[in-house]
Every structure is written in structure tokens, then in C-alpha cells.
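The values are calculated or read from the model by the stated rules, or taken from the named source; none is laboratory data. Keep in mind it's a predicted model, so treat the numbers as computed, not measured. Surface accessibility is based on the protein's heavy atoms, side chains included, excluding ligands, DNA and RNA. Shrake-Rupley method; radii C 1.70, N 1.55, O 1.52, S 1.80 Å.
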Amino acid sequence: NNDICLGSFNEETQEWECDDHCLDEENGSLCGNADHLTNFALLLSGGSGGSNACGSPVNDYILGSAWKDLVLIGSLAGFCCCFIICFILIGILFPPCRAIIYGQEGYRVKGITNTSKTKYVITEH
């Protein structure tokens, strides 16, 4: 709950203000303290930066640590590279797949350029 605070609407400034950044969870409810009576709402801060208002460090990692996040990024990059290499190899090795890679017009032009490379021998009589 590092990014949630107990907030109230300040009628003088016409803005929402956080009254308690350090909320406790009790039986599925969030509880906090305020020094006044009014309608309250849970406000989301939407960001982090080093530590929260309660003094505990904020974890900005997807998997909990920098090392695990680097492994995740490396795995995704490796998968993308393997996918691209496999796509290229399938296109090179299987002629029906070349039409997908080149497109209909590109495949037609490729066929024309391949047939125009045949050598013709002209002999005179």
C-alpha cells in the first residue's frame, strides 16, 4: 500500500490532500488516521521514488530485484531474436513462405528477375 493514502477534499484550496500515507490493512479494510471529520477517500499517488512517506523502501522492480528483472529482459530479447531468425530461415528454406515475406508483387518480380538471368547464346548463320 505504498502508493495509497487516506485523503480528504480541502474546500479552501479546492484540491484533494493526503491526510495519512501510512495505512494499515485490517481484515481486508484499509485504516488510517486524520485530525478532522469529513468524507475521506483513498488516493493513489501513481509513482514512487526511493522510499515512501512511511520510511520503508519502495520496490520499483517487476520481479522484486534488479537481477531478476535483467534476466526477464534478457529472456525476452533472446526470444525476440530467435523468433526473427526462425522467421527468416523459414522464408529462405520454404518457397511457399517466400510469397508471404515478399508479398504477391515482390514474389512476382523476384520470379521475373530469376528468369531474366538465364543466358542466351545467339549464333549467326
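Things worth noting here:
- Legend: residues LEU72, LEU37, LEU6, LEU63, sorted from most to least accessible area (1.4 Å probe; ligands, DNA and RNA excluded), read LEU37, LEU63, LEU72, LEU6.
- For region 18-41 versus region 79-95, the gap between their alpha-carbon centres in whole angstrom: 56
- Placed amide H near ASP20: partners under 5 Å, 5+ positions off or other chain: LEU6
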